[in-house]
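What follows is a set of notes on a single structure, which appears directly below.
The values are calculated or read from the model by the stated rules, or taken from the named source; none is laboratory data. This structure is a prediction, so every number in the text was calculated from the model and none was measured. No Cβ is skipped: glycine too gets one built from the backbone with ideal geometry, and neighbour counts run over all protein chains shown. For the accessible areas, the whole protein counts, side chains as well, though only heavy atoms, and no ligand, DNA or RNA atoms are used. Shrake-Rupley method; radii C 1.70, N 1.55, O 1.52, S 1.80 Å.
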Amino acid sequence: MINNDDKKLLLEKIKELCKKEISLSDLSETLELNKYETLSLLKELENDKDNIVKKVKDDDIYLFNNGERNNEENYYHFETDDNNEIKFTLISDTRIGSKYQQISILNDIYKKSAELGIDKVIHCGNITEGLYPVKNKYSNTLFLDDTMRQVNYVIENYPYIEGIKTYFINGTKDETHFKNDGINIGKRISEERDDMIYLGTNTCHITIDKVNMLLINLNLAKTYTISYRPQQFINSMRSEDKPNILLYGGLLEMQKFNYRNVNCISVPSVVATTDEMTQKRYSNNIGAWYITVKVNKKGYLESIQALASPYYVTNKEDYIKSKVLYLTKGGQ
């Protein structure tokens, strides 16, 4: 019987060994396990969405680690309170790992959320800055230049206030970790932080009673109007597939409008304007939305109130100066 500590080490070792194709026989011999024990561990990885590819060849099973699965279709549900309301904070693009990150502003947003009695923060992607190729001109804007350093920094430094949970998706910047290292950082972060709930990559469908809310993060592209990208996205949807609320991260904009009966909210960043944004002429709104959704007695959308909270001044070298926010109900 394999104990839990040994099992965790064995699972990590399997993922590492399978980065190059290996037979089940050789894998079992290296792990000093029989084939049935090894297959049982492989099943656990499969259930945990690790993409270990198997193929039969030469009377043996050959294995290859194709990276942590990154294409899941995700759904989540929120309950309303006794007043048929739900409140949450909306943020996006914290870009942790960049020299332009703004942990001090992020801490302030979490403190304001607590003051407003909000216990849910929805993060619309790009929790990290991701990776740039070594020869890329923006690579020197990173102070954390590899996947696990960024993951561990988020785990150790992302604000914590007891009672508040963060629900987040991976954005296009976060996907660079998967493309380079086969690591789903959202999954890794969520495994180590009980208060941070990973909702999937790029999209998540959230229901609030009978209200449908779509959380999305897609590639940023320069357009003539800031509403163009979400409008085009809504245009591409069939009427029966349209959400009641669309939360759009990655646009670096703060805007709310209704289009084709969809309440669309573009979510601003929590990062200072980076060199890449400047050179590609992206505008960068910094701040958060404080949202109240109310449903009627039948569970359908009655109203949505959005309080904008912009920040006009950022903190130079905040990645060096910021402090970790960790607050419990006892005040420590």
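How large, in Å, is the range 175-273 by the Kirkwood hydrodynamic radius built from its alpha-carbon pairs? Spell out each step's value before the answer.
On the way: mean 1/r = 0.0664 Å⁻¹.
Computed over the range 175-273, the radius equals 15.1 Å.
Can you find, among Phe64, Leu307, Tyr132, the residue farthest towards the positive end of the dipole of the chain? Put +1 on the C-beta of Lys and Arg, -1 on that of Asp and Glu.
Going by the charge dipole, the pick is Leu307.
Defining a contact as two alpha carbons under 8 Å apart and six or more residues distant in sequence, what relative contact order in percent does the range 139-253 show? Numbers along the way, then the final one.
Details: 127 pairs, mean separation 25.8, N = 115.
Relative contact order for the range 139-253 comes out at 22 percent.
Return the carbon/sulfur percentage of the accessible area of the chain, one whole number, probe 1.4 Å, all protein chains in place. Please report the intermediate quantities before stating the final value.
Numbers: 7830 of 16880 Å².
On the chain, the fraction of accessible area on carbon and sulfur atoms equals 46 percent.
How tilted is helix 4-17 with respect to the longest principal axis of the chain? Cα atoms for both, answer in degrees (0 to 90, nearest 10).
Value to nearest ten degrees: 80.
With +1 on each Lys and Arg Cβ and -1 on each Asp and Glu Cβ, and nothing else charged, work out how big the dipole of the range 246-330 is about its Cα centre, in Debye to the nearest 20. Before the final figure, lay out the partial values.
Numbers: 11 positive and 6 negative charges, 82 e Å.
Using Cβ point charges on Lys, Arg, Asp and Glu, the range 246-330 gives about 400 debye.
Hey, what's the chain come to in accessible area per residue, 1.4 Å probe, Å²?
Details: 16880 Å² over 332 residues.
Each residue of the chain exposes 51 Å² on average to a 1.4 Å probe.
Exceeding 25 Å between C-alpha atoms, which entries from my cross-link table qualify? They are Lys8/Lys43; Lys112/Lys297; Lys87/Lys111. Present the calculation step by step, with values, prior to reporting the outcome.
Details: Lys8/Lys43 14 Å; Lys112/Lys297 30 Å; Lys87/Lys111 15 Å.
Exceeds cut-off: Lys112/Lys297.
More than 35 Å apart: what percent of Cα pairs in the chain qualify? Please report the intermediate quantities before stating the final value.
Values: 15538 of 54946 pairs.
Taking all Cα-Cα pairs of the chain, the fraction more than 35 Å apart is 28 percent.
Given Cα pairs under 8 Å that are at least 6 residues apart, what percent is the relative contact order of the chain? The partial results should precede the final answer.
Details: 669 pairs, mean separation 64.0, N = 332.
For the chain, the relative contact order is 19 percent.
Roughly how tilted is helix 35-47, in degrees to the nearest 10 and between 0 and 90, from the longest Cα axis of the chain?
Orientation of helix 35-47: about 10 degrees from the principal axis.
Exactly which trypsin sites (Lys or Arg not before Pro) in the range 108-149 are in a DSSP loop and have at most 15 other Cβ atoms within 10 Å?
On the way: sites: Lys111, Lys112, Lys120, Lys135, Lys137, Arg149; in loops: Lys135, Lys137.
For trypsin sites (Lys or Arg not before Pro) across the range 108-149 that sit outside H, G, I, E and B with at most 15 neighbouring Cβ atoms in 10 Å, the list reads Lys135, Lys137.
Counting alpha carbon pairs within less than 8 Å and at least 6 residues apart, what relative contact order, in whole percent, applies to the range 161-320? Walk me through the intermediate numbers first.
Working: 260 pairs, mean separation 24.6, N = 160.
RCO, the range 161-320: 15 percent.
Between 0 and 90 degrees, rounded to the nearest ten: what's the tilt of helix 103-115 against the longest Cα principal axis of the chain?
Around 70 degrees separate the two axes.
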